[in-house]
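For reference, the structure discussed in these notes is given below.
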Amino acid sequence: MAATMRVALSLDLWREQTWRRWVLTAFFARLPGTMTAFALLMAGREATGSFTFGAWMASACAVGAALAAPWRGRMLDREPLLMGLRRGLYWQALLTMGLVVAATLRAPAPVLLAGALLLGVMPSGVQGGIRALLGSVAPASRLEAAFALDAVLVEVQWVLGPLLVGMASASGVPLLALGLMGMSALAASVLSQGLPERPPMPVPAASVTTWEGPGVWRTPGVLAVLVLVAVLGVSWGALEAGIPPRLEEVGVGAAQWGVLAALLSAVSAVGGLAYTLLPRAQGRGEGTWRAKLMLGMWGLLLLPLGWMASLLGLGLWLVAAGLFLAPLTGTLTFLLQRTLPPARHAEGFSFYSACWSLGVAGGSALAGSLLGVGGARPVLAGAALLPLAVVLLVAGAGLGRRPACFRA
């Protein structure tokens, strides 16, 4: 009965024209983000002949996004949201085209790194702003279903994004992927014209004294979510930078990562849809426990990748791990939305994006440091071991705090 009710709420959302418009806008606004790391990896290789430099470009972009996103998110909460989102999308389109020119001309390394850094800085806040807009689009009674479906929609975009980069690379024009990113950003800016504007959010009187403070992370429950997001980001960054060179090591070709990433995301979307049928988490504690469990399963199932020496072996373990990805991200975003006051949603989700970008930067930097020394296998081992280690440490700390009567 409960599962039937959740399915009905999900179907009701699709009858809302505003929801459908938001889905289209979010799709094109987020699609460049699903392409960025892979596109920069291939652009760096095109410009310099080195995967290592491409990994450093991806890391520079992620660092820029991580540093700027919290500030941009706070600004989006203080101005008409759609106006701020369109500004970020315009910058994204301009900078991707600039990088196409720079890479085509084989510009010096500092110029390429600076362009990648700006590509992270200037559009930062867009991802958080799009998610903050969801609260204005979906009715309160359907908000949990909306966030669960949003996680599935993100995975659908991850099916297409890396596949487009892989197709561009396989066609012999890897820089085409950057051009597609710019076109997607422009399409999102046009589609957003049909969405209701969210005016600047009033600051609750109780939070006036902290509004100018260090950020939303001091809100109870937020820091735990952000730490899990950062850990997942490191794992993903290392995975995305490690799989293409691993594919070349086993004689398949780096462009096949587009196919594997699409397969992973398709399975992840199926896992996300299945998760919407489960009973909802009873409170923040249970939701956080679920997120830790899914993060641990993600790391555990990535562990064999370092030993796989075929496309089939890599694909099977990625598919297995992918089942937990959308449920994990959907749980984390819903936990964050429930924890934060509405006046700080754009800032909070921008912190989410910043922690993800910071994690991806760390994972890409790990790849940049290790690829030239030990190849892709240690990079993939890091992608698996970090989430596993964090979950085990947190579980051990939690066990240590339990009352003595509950311990063996």
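The values are calculated or read from the model by the stated rules, or taken from the named source; none is laboratory data. The structure presented is a predicted model; accordingly, all values stated were derived computationally and were not measured. Note: ideal-geometry Cβ built from the backbone for every residue, glycine included; neighbour counts use all protein chains shown. Please note that ligands, DNA and RNA were not included when accessible areas were found on the heavy atoms of the full protein model with its side chains. Shrake-Rupley method; radii C 1.70, N 1.55, O 1.52, S 1.80 Å.
Could you please tell me which pairs satisfy a Cβ distance under 6 Å, a separation of 6+ or placement on different chains, a first residue in segment 6-25 that is at pLDDT below 70, and a second residue that is basic (K, R)?
Correct list of pairs: L9/R142.
State yes or no: is R131 in contact (Cβ under 8 Å) with a residue 40 or more places away in the chain, open to solvent by 40 Å² or more (accessible area, probe 1.4 Å), within 17 Å of A346 (Cα to Cα) and not small (G, A, S)?
In short, no.
Being in a loop (DSSP other than H, G, I, E, B) and surrounded by 24 or more Cβ atoms within 10 Å (Cβ to Cβ) is true for just one of S124, S169. Which residue is that? Please lay out each step first, then the result.
Numbers: S169 fails: in a loop (DSSP other than H, G, I, E, B).
Checking each option against the conditions leaves just S124.
Just to check your reading of the model, which residue among L300, L325 is modelled with pLDDT of 85 or more and farther than 21 Å from A29 by Cβ?
Details: L325 fails: farther than 21 Å from A29 by Cβ.
Of the residues listed, the single one that is modelled with pLDDT of 85 or more and farther than 21 Å from A29 by Cβ is L300.
Need the failing condition index for L164 against (1) within 19 Å of the chain's Cα centre (by Cα); (2) within 21 Å of F53 (Cβ to Cβ), just the number.
(2)
Does segment 361-373 contain at least one residue that is of a type outside the set (G, A, S) and open to solvent by less than 20 Å² (accessible area, probe 1.4 Å)?
We begin by selecting, within segment 361-373, every residue of a type outside the set (G, A, S); these are 366, 370-371, 373.
Checking which are open to solvent by less than 20 Å² (accessible area, probe 1.4 Å) leaves us with none.
Looking for residues that are of a type outside the set (G, A, S) and open to solvent by less than 20 Å² (accessible area, probe 1.4 Å), one finds none in segment 361-373, hence no.
Out of the residues in segment 69-114 meeting the condition of being of a type in the set (S, T, N, Q) and open to solvent by 10 Å² or more (accessible area, probe 1.4 Å), tell me which one is farthest from F53 (Cα to Cα).
Q92
Does at least one position in segment 386-394 carry a residue that is open to solvent by less than 20 Å² (accessible area, probe 1.4 Å), in contact with an Asp or Glu (Cβ under 9 Å, 6 or more places away or on another chain) and on the phi < 0 side of the Ramachandran plot?
Going residue by residue through segment 386-394, those that are open to solvent by less than 20 Å² (accessible area, probe 1.4 Å) are 387.
Applying the additional criterion that residues be in contact with an Asp or Glu (Cβ under 9 Å, 6 or more places away or on another chain) yields none.
No; the residues of segment 386-394 include none that is open to solvent by less than 20 Å² (accessible area, probe 1.4 Å), in contact with an Asp or Glu (Cβ under 9 Å, 6 or more places away or on another chain) and on the phi < 0 side of the Ramachandran plot.
Quick one: A376 ticks every box in (1) under 19 Å from D150 (Cβ atoms); (2) buried (at least 18 other Cβ atoms within 10 Å of the Cβ) bar one, so which box is it?
Result: A376 passes all but (1).
Criterion first (farther than 26 Å from M83 by Cα and at pLDDT below 75) does A206 satisfy it?
yes
Residues are listed down the side, and each one gets a yes or a no for (1) at pLDDT below 95; (2) assigned to a loop (DSSP other than H, G, I, E, B); (3) touching a helix residue (DSSP H, G or I) at 6+ places or on another chain (Cβ under 6 Å); (4) over 22 Å from C355 (Cβ atoms):
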{"residue": "G88", "(1), (2), (3), (4)": "yes, no, yes, no"}
{"residue": "A107", "(1), (2), (3), (4)": "yes, yes, no, yes"}
{"residue": "G120", "(1), (2), (3), (4)": "yes, no, yes, no"}
{"residue": "S141", "(1), (2), (3), (4)": "yes, no, no, yes"}
{"residue": "A148", "(1), (2), (3), (4)": "yes, no, yes, no"}
{"residue": "A151", "(1), (2), (3), (4)": "yes, no, yes, no"}
{"residue": "W158", "(1), (2), (3), (4)": "yes, no, yes, no"}
{"residue": "L163", "(1), (2), (3), (4)": "yes, no, yes, yes"}
{"residue": "P174", "(1), (2), (3), (4)": "yes, yes, yes, yes"}
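Mind telling me which of the residues A26, A37, A66 ends up being within 16 Å of the chain's Cα centre (by Cα), under 18 Å from G348 (Cα atoms) and open to solvent by 10 Å² or more (accessible area, probe 1.4 Å)?
Of A26, A37, A66, the one residue that is within 16 Å of the chain's Cα centre (by Cα), under 18 Å from G348 (Cα atoms) and open to solvent by 10 Å² or more (accessible area, probe 1.4 Å) is A66.
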